[in-house]
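Taking it in order: structure first as structure tokens, then the write-up.
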Amino acid sequence: MSSQLPLALRWPAHQRFEGFVAGANGSALEALQRASRCEDRAWLYLHGASGSGRTHLLVAACAAANAGGRTAQYLSLASLRARRAEAIRGFGGSDLLALDDVDAIAGERDAEHALFDLYNRCRAEGSLLLFAASAPPAQLGIGLPDLVSRLSACAQLALRPLDEDERRALLRERALARGIELDAAALDWLFARSKRDLATLFGVLDRIDRASLAAKRRVTVPFLRSLFD
Amino acid sequence: MSELWRRCLSRLEAEFSAEDLHTYLAPLQVSEEESGFTLWAPNAYTMETVRERFLAPIVEVLEHLCDGPVAVEVQVGARSPDRGVGKPATRTRTAPERVAGSDSSLDPNYTFENFVEGKSNQLGKAAATQVAMNPGRAYNPLLLYGGTGLGKTHLMHAAGNLMRANKPDVKILYLRSEQFVSGMVRALQQKGMDDFKRRFRSVDALLIDDIQFFAGKNTTQEEFFHTFNALFEGKQQIILTCDRYPKEVDNLEPRLKSRLGWGLSVAIEPPDFETRAAIVLAKAQAKGVELPEDVATLMAKRMRSNVRDLEGALNTLVARANFEGRRISSEFAQETLRDLLTVHAQAITIPNIQKTVADYYQLRLADLLSKKRSRSIARPRQMAMGLAKELTEHSLPEIGDAFGGRDHTTVLHACRTIRDLRETDGKLRQDWEKLVRTLTE
């Protein structure tokens, strides 16, 4: 007698729809939520600079689809190193497949062809495909026109990175959730000295969290200075 | 045991990179039996990777937690609520399995009724309809050729669907060329060539999409050649699509090329403006979206290369309109599609130039690219070459290639002729300016 186990490995908690700060990307968030609930069968193509939330949204869509009882898989095409074409041909079979970093295969004839095949196969099988890349399909430098035209048939969703005010608000909110109050002066100090992409900023917050806990101090500019200078 | 598995998972989560988790571990489904665990992977590549990289650590953690040996195996398959637990591959969706079914491969959504007809595709539609009404007799093979996203696949499925509507027990097999290739490779590996041959030769109609991808695959071409002959002699219908006139496909065997020309070959050209607008409206209606005519006009005017771009633009509009709860107006479309429209304005391509010039002079694209040398065709062709040099970054040899494999000196001559005529011939100068404006607006 076999028994069914709950969801196997968990999708990461920090890359869910709930934790996504939409900023100017509300329509992309909404489109992905609808897609992951199968409310809309149109395939989506997200494009935007790195740090604009592409991976977060794709992983969140997988998690949400999974939570809704559908199978899902995330794949960064950049992560496939050797035998890329063969690997791409080996994918599929999920209700939802999220393909990140489509840029990585541009100009590689075999891999482009394999992605074209995967696209056709998924379409015929009724699965839902989501794509993400740094730029719209026609600007990726893909040589196979059949693939470009198919990617172009997806709804195109441009992602814009959060602006500085939005990032400040987000950092402040995340800090508050950990019981740390970052005032305007502290934020000014951090934004002037740290790289301002979200990954770096969250890393900085981790460090502040640990240090302030150890030192049992409030987070002030002098404290930050003692920590980072 | 479940508790054990959960503890195993939390260890694994800490041990592997986020990417490994998303790609290989999170998609796994698990079933637990007396004898141990089975991990179900969605596809073969995931199964192999899990076996290769993750199985040992998984077993190690489990054995550590259990204090004894644990059996874990990895299989391809899916466990979903409606499919039962741990059943292998009710949904193993690899291409070769699909080939085994026959009629199921036809897409019922593609019909003649929902095909938008225009000057560019009416011949193709008429031929496909004829073939569907008289399979094996009207034209055999029927070959539809033209660029990507122009409706070849739609017509092919529509013909199949009509054949079936007329005769429900008809055996139709539709597949993409790569399914033929991979099916054959598998048959060769498993020594199942007899079955493979029988499966393809026993159908009433064989529909194969994108045969340009047979190029350079000699064994496939050989097998397809024999299949073709068997079907042809049996008066069984063959319908094929190709991205260009088959004689122009490199690395396709001459004897196969000649067979392909035995029936009827029809070019599907890029749709003209009116057809593009009608297509957008039809697609919107099919989606239940209210699309004002001026928006359809805007899209048709700015996106001229193929139907998929129009479809993508429509999907983009719908996604944003859903979110903002707004009606799709011309202003809303301008704003939403700004990036897309700019991309299209910037991306002036040789095919685009050829199409625009052919439209402008009311020529068929095929004539523009042909070897015909009459003045009424040669001059527009020179114009198109001149524009290609002026408006794209392509080299002269590349431009020559794009115009039916002409020499770069021919292109050079064309560019000089047009440059000189623009000085002396007022009408031609006007034509030039209008075309540049159309292409760059």
Q: For A:Phe202 and A:Arg83, calculate 0.36 nm times their separation in residues minus their Cα-Cα distance, and state this gained length in nm to one decimal.
A: 39.3 nm
Q: Name the long-range amide H neighbours of B:Val76: under 5 Å, sequence gap of 5 or more, or other chain; modelled H, no Pro or chain starts.
A: B:Ala41
Q.
With loop defined by DSSP as not H, G, I, E or B, and exposure as at most 15 other Cβ atoms within 10 Å, which is the longest segment of chain A clear of exposed GluC sites (Glu not before Pro)?
A. A:40-180
Q. So what J values fall out for the range A:99-108 if you push phi through Karplus, 6.51 cos²θ - 1.76 cosθ + 1.60 with θ = phi - 60°, rounded to Hz, Gly and Pro as x?
A. 10, 9, 6, 4, 3, 4, 9, 4, x, 9
Q.
So, R0 is 60 Å and r is the distance between the beta-carbons of A:Cys38 and A:Arg218; what FRET efficiency does that work out to, to 0.05?
A. 0.80
Q: Quote the relative contact order of chain B in percent (integer), defining contacts as alpha-carbon pairs under 8 Å separated by 6+ residues.
A: 11 percent
Q: Taking a probe of 1.4 Å and counting only protein heavy atoms, give the total accessible area buried between chains B and A in Å², rounded to the nearest 100.
A: 5100 Å²
Q: Whole number in Å², please: accessible area per residue of the range B:188-310, 1.4 Å probe, ligands, DNA and RNA not counted.
A: 46 Å²
Q: Starting from the eigenvalues of the Cα gyration tensor, five times each then square-rooted, give me the equivalent ellipsoid semi-axes of the range B:350-440, largest first, whole Å.
A: 17, 14, 13
Q: Determine the order of B:His226, A:His56 by accessible area, beginning with the largest, at a probe radius of 1.4 Å.
A: B:His226, A:His56
Q.
I need the calculated FRET efficiency for the pair B:Asp401 and B:Asp67, taking r as the beta carbon distance and R₀ as 51 Å, to the nearest 0.05.
A. 0.15
Q: Give the long-range amide H neighbours of A:Leu128: residues separated by 5 or more places, or on another chain, with amide H under 5 Å away, using H modelled in the peptide plane at 1.01 Å from N.
A: A:Leu96, A:Leu97
Q: Please identify which residues in the range A:47-75 have an amide N closer than 19 Å to a label point set 7 Å out from the Cα of A:Lys195, following the Cα→Cβ vector.
A: A:48-56
Q. When the label point is put 7 Å from the Cα of B:Lys167 along its Cα-to-beta-carbon vector, which residues of the range B:247-272 have a backbone N closer than 15 Å?
A. none
Q: Please state the charge dipole magnitude for the range A:17-158, taken about the Cα centre, from unit charges on C-beta atoms (+1 on K and R, -1 on D and E), reported in debye and rounded to the nearest 20.
A: 140 debye
Q) What is the helix-to-structure angle for B:152-166, meaning the angle in degrees between its Cα long axis and the longest Cα principal axis of chain B, kept from 0 to 90 and rounded to the nearest 10? A) 70 degrees
Q: Count, for each residue of B:317-324, the Cβ atoms from other chains sitting within 10 Å of its Cβ, then give me the mean as a whole number.
A: 6
Q) For the range B:318-342 and the range A:51-123, what is the separation of their Cα centres, given in Å? A) 27 Å
Q | Low-density loop positions, trypsin sites (Lys or Arg not before Pro), the range A:120-229 - DSSP coil, at most 13 other Cβ in 10 Å | A | A:Arg178, A:Lys195, A:Lys216, A:Arg217, A:Arg218
Q: Run a plain Debye calculation on chain B (Cα atoms as equal point scatterers, no solvent) and give log10 I(q)/I(0) at q = 0.06, 0.08 Å⁻¹, rounded to two decimals, same order as the q list.
A: -0.38, -0.66
Q. How high is the relative contact order of chain A, given as a whole-number percent (alpha carbon pairs under 8 Å, six or more residues apart)?
A. 21 percent
**Q.** Long-range tail of P(r) for the range B:281-409 (Cα pairs > 22 Å, %)
**A.** 48 percent
Q) Stretched out fully, how many nm does the piece from B:Gln75 to B:Lys235 gain, at 0.36 nm a residue minus the Cα gap? A) 53.3 nm
Q: Run the quick spin-label model on B:Ala286 and B:Phe225: label points 7 Å from Cα toward the beta carbon, then report their separation in nm to one decimal.
A: 3.8 nm
Q | Point-to-point label distance, B:Ala215-B:Arg375, nm (Cα→Cβ direction, 7 Å offset) | A | 3.7 nm
(Q) I'd like the accessible area for B:Met47, computed on protein heavy atoms only with a 1.4 Å probe and all protein chains in place. Round to 10 Å², please. (A) 30 Å²
Q. Where does chain A land at 222 nm, in deg cm²/dmol rounded to the nearest 500, when only DSSP H runs of n ≥ 4 count, each adding -39500 (n - 2.57), divided by all residues?
A. -14500 deg cm²/dmol
Q: Please list, in chain and number order, the residues 5+ apart from B:Arg176 or on another chain whose amide H is under 5 Å from its amide H, with Hs placed from the backbone.
A: B:Asp209
Q. How many angstrom lie between the C-alpha centres of the range A:164-229 and the range B:226-253?
A. 67 Å
Q) Roughly speaking, what is the stretch gain from B:Arg338 to B:Arg137, that is 0.36 nm per residue apart minus the C-alpha to C-alpha distance, in nm to one decimal? A) 67.4 nm
**Q.** Hz values of 3J(HN,Hα) by residue in the range B:194-201 - Karplus curve (6.51, -1.76, 1.60), Gly and Pro given as x
**A.** 4, 4, 4, 4, 4, 4, 7, 8
Q: Would you mind computing, in nm to one decimal, how far apart the modelled labels at A:Glu18 and B:Glu248 are, each placed 7 Å from Cα along Cα→Cβ?
A: 5.7 nm
Q: Would you please state which residues of the range A:25-67 a label at B:Glu324 would reach in this model, taking the label point 7 Å out along Cα→Cβ and a backbone N cut-off of under 17 Å?
A: A:25-32
Q: Work out the FRET efficiency for A:Asp209 and A:Ala184 from their Cβ-Cβ distance, taking R0 = 22 Å, and round it to the nearest 0.05.
A: 0.70
Q: Considering Cα pairs under 8 angstrom that are at least six residues apart, work out the relative contact order of the range B:159-246 and quote it in whole percent.
A: 31 percent
Q.
Compute a Gaussian network model of chain B, connecting alpha carbons closer than 10 Å, and tell me which residue from B:Asp420, B:Asp407, B:Asp243 fluctuates the most.
A. B:Asp420
Q. Considering only Cα-Cα distances, which of the following residue pairs are longer than 31 Å: B:Lys287/B:Lys389; B:Lys257/B:Lys434; B:Lys235/B:Lys257; B:Lys119/B:Lys434?
A. B:Lys287/B:Lys389; B:Lys257/B:Lys434
Q.
Please list 3J(HN,Hα) in residue order for the range B:374-391, calculated via the Karplus relation 6.51 cos²θ - 1.76 cosθ + 1.60 where θ = phi - 60°; whole Hz, with x for glycine and proline.
A. 5, 4, 5, 9, 5, 5, x, 5, 5, 4, 5, 5, x, 5, 4, 5, 6, 9
(Q) Need one word for the protein assembly as shown: rounded, prolate or oblate. Basis is the Cα gyration tensor (sqrt eigenvalues a ≥ b ≥ c); a/c below 1.5 gives rounded, then a/b vs b/c decides. (A) oblate
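The values are calculated or read from the model by the stated rules, or taken from the named source; none is laboratory data. No experiment lies behind these values; they were computed from the predicted model shown. Neighbour counts run over all protein chains shown; Cβ positions are idealised from the backbone, glycine included. These area figures cover heavy atoms from the full protein model, side chains too; ligands, DNA and RNA do not enter into them. Shrake-Rupley method; radii C 1.70, N 1.55, O 1.52, S 1.80 Å.
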